Structures are given as structure tokens and as C-alpha cells.
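Trainee: My structure is below; once you've seen it, I'll send some questions.
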Amino acid sequence: MVNGSASAKTLLADLGGTNVRFGIADPSLEQPLLLDTVKRYRVKDYESLTHAAREYFKETGHNADRAIIAAAGRIDDGETVKVTNNPWAISAKKTAAELDLEWVHLVNDFAAQSMAVMLLKGNDLVQVGAPPLPKIGSDEEQTFVVVGPGTGLGVGGLLIRGEKVSVLQTEGGHAGFAAHTAEDIEILKVLNLRYGRVSNERLICGAGLVNLYSAICEIAGQKAEDLTPEDVTDRAKADTCPMCVRAVETFAGIFGSVAGDLVLTLGAWNGVYLTGGMIPILLPWLERGHFRERFEAKGRFRDTMEKVPTQAIMNPEPGLVGGAALAVVESGRSLLKR
């Protein structure tokens, strides 16, 4: 990426499987994301990202010189992406030409969410478990995991090495599910018959919560209802459906196992940020349930894992905040304050 003008307005797009959120960043500001510019559109209502962006410009009257697009998919050669859970395919060069922009940069959505950590503070974050997260940049070397469920399961990494901040763009949500308990094994058997290979995303995302609910019902010999993820969490919160309560509790525990495995895989001893659209809803179960218990249950590494902090991102727009952080980096400003 090439540095640009510190005052050039940047179009931000946070593109998931269901929605695309747009906003404008001013890289010269301390808080570069202009909150009053944020607007959401449903992917199914538009033929392409370009059509949705044109509608955004038309409705809001905003304009931009360049764009950073955070997309839920693998970025090929920095130029193209086919979004994993929606029909759009995006070319950086084509989008720049169609929207008359200087350039368009594509990043993985969790690369953006990882960068968002650099700008979050105060009420944006809630500690989950006992150990507090260290201050960003307090050590010369820091490694963090950023993981979270939404339409899919996103996984990213944030690396701080001296004055340099970089992110790992991964598709770790598609790694295979590792069963750890007798119940996990039974759930895996049910989902293996249904899907064949079972990834972490088959359990830890919105649709994954429904998969857990239906699997738990099947294991218990009960008929599962046709529920949405919102139905499951609503019934669990109201304590009106024991199977829904069990599904959410199991979700929190498995999520803890997955997050802990990522710490071991990336060597992210400095901590884990939990993000995604489901986190604010699931926070009570993460705080009081089996999340930390299973996060720490890593055999010979239990003592080490007990010291690894976990924190929930409560900001409603981490993808756009992360895009704004990337816009700051583009402008040549440093995000680190030592």
C-alpha cells in the first residue's frame, strides 16, 4: 500500500455475507471514522458492490477519493475477492474505475477488524475473564488473535513489532472442528452425517448456533423446531426452551476451545479480541458460562492459558473502524502511541 494525502476522504466498505456497511474516513482526525456517515445495505438488494456504493453516494451526498473494502473472503493477489457467503465478486481495479476513485484496496474483513483494535477504547471493550489485556504497544513485540462469529466465523491476527503494525489475513474459521468432550463427539457425529467434513464455522456462527440446537435436540431424542439464530438466543435469554439454553451454553464452550486453539497456533500470548455481530448478544454466556473454562483447558499449557486475556469488542462497527485505521496507515500517520 502506498501513502497518500492525510486529508483525502476514504470510502470504507465492510462487506459480509448478509449486509454491506459504508462509511467515510478522514485520516487526519484522531477518530477517523465519521460516525454520521455510516449506513447499511442488504447485499441481496443489489447486483454488485458498485451498485450499492453508488446508491450510498446518491442517498448521503458524500464523496471520496479512494476506498478500502473489507470483504469476508480470501483476497487473491490483493486485486480480487469472491465473498464467501454472498454472490458478489469484486475487482479492485474495476471498482476504482466504475466509481471514479484513485484506488481501491481490498482486505479481508478480519484483517480490518484486527486493525480496529488500534482505535478502540473505553466502552468499546469489555473484559471476559480475570486477566486484563495489556496496552497496545506497551511492549516491543505483541501478538493478538481477533476472532468472532457472525454470518461466518472470522479469524485474524494483529502483530506489533516495534513501530510496525501488521495483520494476518486468514480463513481460520474453516479449520476442522476438534471435539474435546463426550458431548462434542456426539455433536460431531450428527453434523458429520449431515455435512461430511465439519469446520469450526459449522458450529460457531449464526447458522452454527442453529446447527448446535438441532444436533442437541437430536441427541436428546427431541424434535427440533425450525428456528433462526435470533430465536435460539431469545428463547435462551427468556429461559423458555431448555434445548436453546443448552445450545447457547455449548456454543460458548466450543467458542472458548476454538479461541484457545488459535492462541496456541499463532502464539498470541498477549490476548484475544472477541468480535462479530453475535458477541453483544452472547456476552452474558461468555462471561458466566464455559468460555474461559474451555479456553484455558489446554492440558500442559493450562497455566499459560490462564494468563492469556480475552476481551469482547462491543463497538457496533469494528469493520469500518478497522478500515479507518487502515486509511490512517495509508496516509502515513502512525497508530502507535507509546
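The values are calculated or read from the model by the stated rules, or taken from the named source; none is laboratory data. Computed from a predicted structure; not experimentally measured. FYI the Cβ positions are ideal-geometry reconstructions off the backbone, even for glycines, and counts take in every protein chain you see. Ligands, DNA and RNA are stripped out before the accessible areas are found, and what is left, the full protein with its side chains, is counted by its heavy atoms. Shrake-Rupley method; radii C 1.70, N 1.55, O 1.52, S 1.80 Å.
Trainee: Using just the helices of the chain, give the 222 nm mean residue ellipticity in deg cm²/dmol: DSSP H runs with n ≥ 4 each add -39,500 (n - 2.57), and the total is spread over all residues, rounded to 500.
Mentor: Helix contribution divided over all residues of the chain: -11500 deg cm²/dmol.
Trainee: What length, rounded to one decimal in nm, is gained on full extension from Ala130 through to Lys164, with 0.36 nm per residue of separation minus their alpha-carbon distance?
Mentor: 9.3 nm
Trainee: In whole Hz, with x marking every Gly and Pro, tabulate ³J(HN,Hα) for the stretch 61-77 from phi via Karplus 6.51 cos²θ - 1.76 cosθ + 1.60, θ = phi - 60°.
Mentor: x, 7, 9, 8, 9, 8, 9, 10, 10, 9, 10, 7, x, 7, 8, 9, 6
Trainee: At what distance in angstrom do the alpha carbon centres of the stretch 309-335 and the stretch 59-118 lie from each other?
Mentor: Measuring centre to centre over Cα atoms gives 15 Å.
Trainee: Next question, about the same structure. Of the accessible area of the chain, with the probe set at 1.4 angstrom, what percent is carbon plus sulfur?
Mentor: Ligands and nucleic acids excluded, carbon and sulfur give 49 percent.
Trainee: Ok, one more. Write out the trypsin sites (Lys or Arg not before Pro) in the stretch 80-173 meeting two conditions: DSSP loop, and at most 15 other Cβ atoms within 10 Å of their Cβ.
Mentor: Lys121, Lys135
Trainee: Let me ask you something else. Enumerate cysteines in the chain without a disulfide-compatible partner, where compatibility requires another Cys Cβ under 4.7 angstrom.
Mentor: Taking the Cβ cut-off of 4.7 Å, the unpaired cysteines of the chain are Cys205, Cys217.
Trainee: Toward the positive end of the charge dipole of the chain, about the Cα centre and with charges on Cβ (Lys, Arg +1; Asp, Glu -1), which of Ala178, Thr18, Asn108 goes farthest?
Mentor: Toward the positive end, the furthest listed residue is Ala178.
Trainee: Still on this structure, please answer the following. For Leu29 paired with Ala179, estimate the spin-label separation in nm (one decimal), with each label point 7 Å from Cα along the Cα-to-Cβ line.
Mentor: 5.1 nm
Trainee: Starting from the 7 Å offset along Cα-to-Cβ, what nm value, one decimal, do you get for the label separation of Ala224 and Arg197?
Mentor: Inter-label distance under the simple model: 2.1 nm.
Trainee: Let me ask you something else. Just the number, please: Stokes-Einstein D of the chain in µm²/s, Kirkwood Rh from C-alpha pairs, 25 °C, 0.890 mPa s.
Mentor: So the translational diffusion coefficient is about 120 µm²/s.
Trainee: Run the dipole for the chain about the Cα centre, Lys and Arg Cβ at +1, Asp and Glu Cβ at -1, nothing else charged, and hand back the magnitude in debye, nearest 20.
Mentor: 280 debye
Trainee: Might you tell me the accessible area per residue for the chain, computed with a 1.4 Å probe and given in Å²?
Mentor: 45 Å²
Trainee: Still on this structure, please answer the following. May I ask for the angle, rounded to the nearest 10°, between helix 49-60 and the longest principal axis of the chain, with both axes built from Cα atoms and the value confined to 0 to 90°?
Mentor: 70 degrees
Trainee: Among DSSP bridges having both ends in the stretch 121-314, what percentage is antiparallel? Round to the nearest 5.
Mentor: Roughly 75 percent of the DSSP beta bridges within the stretch 121-314 come out antiparallel.
Trainee: State, to one decimal in nm, how far the label point of Lys82 lies from the label point of Ala97, with both points 7 Å from Cα in the Cβ direction.
Mentor: Going from the Lys82 label point to the Ala97 one covers 2.1 nm.
Trainee: Within the chain, what percent of beta bridges assigned by DSSP are antiparallel, to the nearest 5?
Mentor: Percentage antiparallel, nearest 5: 65.
Trainee: Another one. What FRET efficiency comes out for Glu59 versus Thr240 if R0 is 30 angstrom and r is the Cβ-Cβ distance? Round to the nearest 0.05.
Mentor: After rounding, the FRET efficiency stands at 0.15.
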